[in-house]
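Below is one structure, written out as C-alpha cells; comments come after it.
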Amino acid sequence: MRKLIRSLVIPVLMFASQTQAADLPIKLTLDWKIQGIHSWFYMARDKGYFAEEGLEVQIDQGEGSAVTVTRIMSGAYDAGFGDMNAIIQNALSKPDEAPVMVYQIYNQPPFSVLVKKDGPVKNLQQLAGLRVGSPAGSAAGRLFPALTSKAGLDPASVEIVNVAPNLQEQMLIRGNVDASLVFNVTSYLNLVGLGLNPDEDFTWYNYGDRGVDIYSNGLMVSRKLINEHPEAVRGLVKAVNRAMVEIVGDPALGAATVEAVEPLIDEALEKRRIEFAIKNLIVSVETGKVGLGGMDVARLARSIESIKAAYELEGDIAPEQIFSAEYLPPVAERTVD
C-alpha cells in the first residue's frame, strides 16, 4: 500500500512542479537604467503579480525609448517600456514588424522648454532672437517647430545650440543658453541633484500643455507575442496595471520598490520623480475618461500626423494598427483619483 501511495504521489508532485515551471518566459526591456518611473514593472515582478498570470518576466535596463522599439522588432525582446512616437516612425515603413502599444503610461509627452524664472523668457514668444539648447536629434528638438507653430513663434527666429544631454541644465544655469529643450522627468531630478528648486527657480513650458498633442512611453509588445500568446499579453497588462494603480495611490511604494532592486538609488529623489511623472505625464483629464493605459483614438490619429510632419515621413498608418485596447482590464480597474 505504501508503495502504491508513493507511486501515485510522486507523479502528481512532478506534474505540479512541471506546471509551475511552465510559466511563459517574457523578456521586457526598459527605456533606460532603473528609476522610479520603472517601479510598476519591478513591483509586478517582486510581488508576484506576473507569476499569478502565469508569466516569468525578465526585466532588463534600456538604452533609450526609441531603442526599446528596435529591440522588440529584432526579436530580442517580447515587450518593453518605450515611446509611441518611435512606434509610429517604424510602423510607417514596416507596419507588420512594429510593436503594438497595449498600455499607454505617459498620457502626456515628457518634453518641455525649461527656462530660469529670473531669465529673459516670460512666455514662448520671447524666445525669438535667443539661444535655445537641445541635444542633436532629440525628440524635443524635432518637435520644437510643432510647439512654436502653436505659440505663434517663427522657429527660424530661434538659435538652436547643440548641447550634450548631460550638460543641458548646467548650460542653462550658467547662461550659455537662454532656454533648454528637455526631457522633463529627467531634468526635474537633475536640478534637484544640483541643489536647486525646480518648482520655484524655473519655469516649465510643457509641450502637451501647449498644443503638441502626442503620446509618449507605455507598455508595448511584439506582434509575435500577440499572435502566439494573446492570453500572456492580457496577463502582462493586468499585472502592470495592478502595480500602477497601487503606486499612483502611494508613490513611496514605488520608490521603495526600486531601492530594494538597486540599493544605490536615492529613494527620496525617486519618490519625487514618480510624483512628478504622475502629475505631469500619467494622470490627466483624458485618463479620467479612458483610465490608465487607455488612449483617445482620434488624438492618436492626430499624433500620427504630427510625427509624420516633425520627421518628414511618408506613408499612412491607422491608430488600430499600433494601439490595441483589447488587452486592457475594465476601466473601473484602471481608474485613479
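The values are calculated or read from the model by the stated rules, or taken from the named source; none is laboratory data. Computed from a predicted structure; not experimentally measured. Don't worry about glycine lacking a Cβ; one is built from the backbone with ideal geometry, like all the others, and counts go over all protein chains shown. Calculation scope for accessible area: heavy atoms of the full protein, side chains included, ligands and nucleic acids excluded. Shrake-Rupley method; radii C 1.70, N 1.55, O 1.52, S 1.80 Å.
Would you rank Leu147, Leu313 by solvent-accessible area, highest first, keeping every protein chain in place and using a 1.4 Å probe?
If we order Leu147, Leu313 from most to least accessible, we get Leu313, Leu147.
What is the spin-label model distance, in nm, from Glu52 to Asp250 if the labels are put 7 Å beyond Cα along the C-beta direction?
It works out to 1.5 nm between the two label points.
Just report the Cα centroid separation between the range 19-64 and the range 115-160, whole Å.
38 Å
Please give the solvent-accessible surface of Glu63 in Å², to the nearest 10, using a probe radius of 1.4 Å with every protein chain present.
Taking all protein chains as shown, Glu63 has close to 120 Å².
Normalised by the residues of the range 280-337, what does the relative contact order come to in percent, with Cα pairs under 8 Å and at least six apart?
46 percent
Excluding residues on the same chain fewer than 8 positions from Lys224, give the lysines whose Cα lies under 29 Å from its Cα.
Reachable lysines: Lys27, Lys33, Lys47, Lys94, Lys238, Lys308.
How many percent of DSSP beta bridges within the chain run antiparallel, rounded to 5?
Among the beta bridges of the chain, antiparallel pairing accounts for roughly 55 percent.
For every helix of n ≥ 4 consecutive DSSP H residues, a contribution of -39,500 (n - 2.57) applies; sum these over the chain, divide by its total residues, and give [θ] at 222 nm rounded to the nearest 500 deg cm²/dmol.
It comes out at -13000 deg cm²/dmol, rounded to the nearest 500.
With springs only between Cα atoms under 10 Å, which of Asn107, Asn85, Asn197 fluctuates most in a Gaussian network model of the chain?
Top of the fluctuation ranking is Asn197.
Quick one: Cα centre-to-centre distance for the range 167-236 and the range 300-315, in angstrom?
Between the Cα centres of the range 167-236 and the range 300-315 lies a distance of 20 Å.
In square angstrom, rounded to the nearest 10, how much accessible surface does Glu275 have for a 1.4 Å probe?
70 Å²
Grab the other residues whose beta carbon is less than 15 angstrom from that of Leu269, score K and R as +1, D and E as -1, and report the net.
-4
Name the most mobile residue of Leu92, Leu300, Leu196, meaning the one with the largest mean-square fluctuation, in a Gaussian network model of the chain with Cα contacts below 10 Å.
Taking springs between Cα atoms under 10 Å, the residue moving most is Leu196.
What is the helix-to-structure angle for 267-277, meaning the angle in degrees between its Cα long axis and the longest Cα principal axis of the chain, kept from 0 to 90 and rounded to the nearest 10?
70 degrees
Given labels modelled 7 Å from the Cα in the Cβ direction, how far is it in nm from Asn227 to Glu312?
Each label point lies 7 Å from its Cα, and together they span 3.4 nm.
Considering the range 24-146, what Rg and Dmax in Å follow from its alpha-carbon atoms?
Calculated on Cα positions, Rg and Dmax stand at 18.1, 58 Å.
Divide the volume of the convex hull of the Cα atoms of the range 191-319 by its number of residues and quote the answer in cubic angstrom per residue.
Working: hull volume 22.0 nm³, N = 129.
Enclosed volume per residue, from the Cα hull, is 171 Å³.
Could you work out how much longer the chain between Arg234 and Val331 gets when fully extended? Use 0.36 nm per residue separation minus the Cα distance between them, nm to one decimal.
Length difference between fully extended and current span is 33.5 nm.
Using heavy-atom solvent-accessible surface (probe 1.4 Å) with all chains present, what is the largest-first order of Asp78, Asp118, Asp209?
Working: Asp78 45, Asp118 130, Asp209 105 Å².
Descending accessible area places them as Asp118, Asp209, Asp78.
Among Gly195, Ala91, Gly75, whose Cα sits farthest toward the positive end of the charge dipole of the range 49-196 (+1 at Cβ of Lys/Arg, -1 at Cβ of Asp/Glu, about the Cα centre)?
Working it through, the farthest residue towards the positive pole turns out to be Gly195.
Relative contact order (percent) for the range 26-87, with alpha-carbon contacts under 8 angstrom and 6 or more residues of separation?
48 percent.
Quick one: if you take sqrt(5λ) for each eigenvalue of the C-alpha gyration tensor of the range 122-226, what semi-axes come out, biggest first, whole angstrom?
Working: eigenvalues 123, 73, 36 Å².
For the range 122-226, the semi-axes come out at 25, 19, 13 Å.
Multiplying the sequence separation of Lys94 and Ser74 by 0.36 nm and subtracting their Cα-Cα distance, what value in nm do you get? Please list the in-between numbers first.
On the way: separation 20, 0.36 × 20 = 7.20 nm, distance 1.22 nm.
Answer, rounded to one decimal: 6.0 nm.
Pairs of Cα atoms under 8 Å, at least six residues apart: use those to get the relative contact order of the range 176-326, whole percent.
Rounded, it is 24 percent for the range 176-326.
Using only the Cα atoms, what convex hull volume per residue in Å³ does the chain have?
Per residue, the Cα convex hull of the chain comes to 148 Å³.
Spin-label point model (7 Å from Cα, Cβ direction): what's the Glu200 to Asn123 distance in nm?
The modelled label-to-label distance comes out at 2.7 nm.
Roughly how many Å² of Ile72 are accessible to a 1.4 Å probe, to the nearest 10?
Answer for Ile72: close to 10 Å² accessible.
Excluding Ile214 itself, what net charge comes from residues whose Cβ is under 13 Å from its Cβ, given Lys and Arg +1 and Asp and Glu -1?
With Lys, Arg at +1 and Asp, Glu at -1, the net is 0.
Report, in debye and to the nearest 20, how large the dipole of the chain comes out about its Cα centre when Lys and Arg carry +1 and Asp and Glu carry -1 on their Cβ. Please list the in-between numbers first.
On the way: 31 positive and 42 negative charges, 93 e Å.
With only Lys, Arg, Asp and Glu charged at Cβ, the dipole is about 440 debye.
Over 17 Å apart: what share of the alpha carbon pairs of the range 66-136 falls there, rounded to a whole percent?
Distances greater than 17 Å cover 58 percent of the Cα pairs.
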